[in-house]
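Participant: Please find one structure pasted underneath; my questions will follow.
The values are calculated or read from the model by the stated rules, or taken from the named source; none is laboratory data. Everything numeric in this text was worked out from a predicted model, so none of it was measured. Methodologically, a virtual Cβ is constructed for each residue, glycine included, from the backbone with ideal geometry; neighbour enumeration extends over all protein chains shown.
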Amino acid sequence: MSRAFSYSFYHSKTWTRTRNEYAASKHGLCERCLSLGVVNTGEIVHHIKELTPENINDSSISLSWDNLELVCRKCHADLHRHTYAEMNSAKLTPIVREGFGFDLDGNLVDNGNSLDPHGNGCS
Ligand SMILES: [Zn+2]
Ligand SMILES: [Zn+2]
């Protein structure tokens, strides 16, 4: 699994507490939906600047509220589709994440596996 580096982080008390406090500060609502006037439950705390093995121990990135965003599953999937689109346009090799795959035409698709093994965290 390509995200093995983040396993212990997402299971740490520090992250769990940060995630819970951040979500509570947003009243548990998806920030993206709310900005469109839609009230939706936020389910995932997303890192705006993606975590890497290099920055995961940098608390100014991995634990900073400035780098967090509370989103619902739909918005989270959209966020990561953007990531892929940017990677593809930059001719970088995308890393396939859990819940995503490619169809026969090479398009990124959500394969419906929405279970988050990292307990509502994401990279
Ligand atoms: Zn949303
Ligand atoms: Zn994310």
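Participant: Considering region 29-57 alone, what residues qualify as being over 24 Å from residue 6 (Cα atoms), among the small types (Gly, Ala, Ser) and part of a loop (DSSP other than H, G, I, E, B)?
Facilitator: If the condition is that a residue be over 24 Å from residue 6 (Cα atoms), among the small types (Gly, Ala, Ser) and part of a loop (DSSP other than H, G, I, E, B), then 37 is the only one that fits.
Participant: Output the residue which, of all residues in region 35-51 that are within 14 Å of the chain's Cα centre (by Cα) and in contact (Cβ under 8 Å) with a residue 24 or more places away in the chain, is surrounded by the fewest Cβ atoms within 10 Å (Cβ to Cβ).
Facilitator: Among them, the one singled out is 50.
Participant: Of all residues being away from ligand 1 (no atom under 12 Å from the Cβ) and among the aliphatic types (A, V, I, L, M) in region 36-85, which is modelled with the lowest pLDDT? Just the residue, please.
Facilitator: Step one: of region 36-85, the residues away from ligand 1 (no atom under 12 Å from the Cβ) are 45, 47-68, 80-85.
Going one step further and asking which of them are among the aliphatic types (A, V, I, L, M), we end up with 45, 48, 51, 56, 61, 63, 68, 85.
Values: 45: 98, 48: 95, 51: 94, 56: 97, 61: 98, 63: 98, 68: 98, 85: 72.
Only one residue tops the list, namely 85.
Participant: Counting only residues that are exposed (fewer than 13 other Cβ atoms within 10 Å of the Cβ) and either among the basic types (Lys, Arg) or within 19 Å of residue 6 (Cα to Cα) (or both), how many does region 59-79 have?
Facilitator: The number of residues fulfilling the criteria is 3.
Participant: Of 88, 20, which residue is modelled with pLDDT under 95, away from ligand 1 (no atom under 16 Å from the Cβ) and not in a loop (DSSP other than H, G, I, E, B)?
Facilitator: 88
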